[in-house]
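Comments concern the structure below.
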Amino acid sequence: MKVTYYGHSCFLVNLGDKSILFDPFISPNPLATNIDINSIKTDYILISHGHEDHLADAVTIAKKTNAKVLSNYEIISWIQNKGVKKAHPLNHGGKIELEFGYVKFVNAVHSSVLPDGSYGGNPGGFIIKSNKNCFYYAGDTALTYDMKLIGNLYNIDLAFLPIGDNFTMDIDDAVICSNFIKCNKIIGMHYDTFKLIEINKENAKKSFLNIGKSIDLFNIGETKAY
Ligand code: NI
Ligand code: MN
């Protein structure tokens, strides 16, 4: 699989001939001015929760690409009211079979109001299982014992974890999370975009190296193969 970073918690994951865009927040992100959202092609858009910094560009990109949007029921209703035709609601514990495998909506400990103040349902994360890969996109979340369940039920080979502190886990909690989910390969997200979530990237990398694991911190626009 190939992973491209568009800043904050937004990644494009290519699985063979299908791609998934997670939590698009690009045009309002001052760090992502080098990214043109019109150049992004995707088959699916997955939204972890209702906050602006996770869905600001979702409606625009969904309409432009004709991608199908997956999120919780309340966010899907909101997106459909804005004219997005292809959308599918999930709730915690539920999964949907797609061409490449399945997507499951799992717990996150956070909040989820939508940008206009309407109710955004409950926040979540995603497990994506294909015939080749199994990865976890945590969304915005605190460290929680629910992550142990993920480690017990799945062979997670890659995990996208928030590390910016203040609104989510910090790097130390992300290290514990990586142990709970039994995963050695981590991609960091939700850091440096705002003053409140600025981190020391070298220290973050050391925290994972110290326990024999690795965390990748992408440059915005960068693509890596896994
Ligand atoms: Ni949030
Ligand atoms: Mn956020």
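Of all the numbered requirements in (1) of a type in the set (A, V, I, L, M, F, W, C); (2) in contact (Cβ under 8 Å) with a residue 40 or more places away in the chain; (3) in contact with a Ser or Thr (Cβ under 7 Å, 6 or more places away or on another chain); (4) surrounded by 24 or more Cβ atoms within 10 Å (Cβ to Cβ), L15 misses one, and that requirement is (4).
Quick check: is even one residue across segment 111-131 among the aliphatic types (A, V, I, L, M), part of a strand (DSSP E or B) and under 14 Å from I20 (Cβ atoms)?
Scanning segment 111-131, I find at least one residue that is among the aliphatic types (A, V, I, L, M), part of a strand (DSSP E or B) and under 14 Å from I20 (Cβ atoms), so the answer is yes.
Would you please name the residue that is surrounded by the fewest Cβ atoms within 10 Å (Cβ to Cβ), looking only at residues in segment 32-59 that are outside any loop (DSSP other than H, G, I, E, B) and within 14 Å of ligand 2 (Cβ to nearest atom)? Before you say what the answer is, go through the steps one by one.
Kept after step one, since they are outside any loop (DSSP other than H, G, I, E, B), are these residues of segment 32-59: 32, 37-39, 44-46, 52-55, 58-59.
Subsequent filtering for residues that are within 14 Å of ligand 2 (Cβ to nearest atom) retains 52-55, 58.
Working: E52: 12, D53: 20, H54: 26, L55: 27, A58: 25.
The qualifying residue surrounded by the fewest Cβ atoms within 10 Å (Cβ to Cβ) is E52.
Filter segment 16-31 for residues that are modelled with pLDDT of 95 or more and either charged (D, E, K, R) or within 14 Å of A67 (Cβ to Cβ) (or both); which is farthest from ligand 2 (Cβ to nearest atom)?
So the residue we want is K18.
Among the residues that make up segment 186-205, is at least one of them under 15 Å from the mean Cα position of the chain (by Cα) and surrounded by fewer than 18 Cβ atoms within 10 Å (Cβ to Cβ)? Scanning segment 186-205, I find no residue that is under 15 Å from the mean Cα position of the chain (by Cα) and surrounded by fewer than 18 Cβ atoms within 10 Å (Cβ to Cβ), so the answer is no. Considering segment 60-107, the qualifying strands (runs of 3 or more DSSP E), each wholly inside and each with 3 or more residues that are modelled with pLDDT of 95 or more, crowded, with 21+ Cβ neighbours inside 10 Å and in contact with a strand residue (DSSP E or B) (Cβ under 7 Å, 6 or more places away or on another chain), run over 68-72, 101-107. Pairs linking a residue in segment 195-218 that is under 19 Å from L158 (Cβ atoms) to a residue that is of a type in the set (F, W, Y) and modelled with pLDDT of 95 or more, with Cβ atoms under 6 Å and 6 or more positions apart or on different chains, are S214/F208; I215/F208; F218/Y5. Close Cβ contacts (under 9 Å, 6 or more residues apart or on different chains) running from residues in segment 69-84 that are over 18 Å from D43 (Cα atoms) to residues that are of a type in the set (K, R) and surrounded by fewer than 24 Cβ atoms within 10 Å (Cβ to Cβ) comprise K82/K63.
The values are calculated or read from the model by the stated rules, or taken from the named source; none is laboratory data. Not measured: the values here are computed from a predicted model. Quick reminder, even Gly has a Cβ in these numbers, built from the backbone with ideal geometry, and neighbours come from all protein chains shown.
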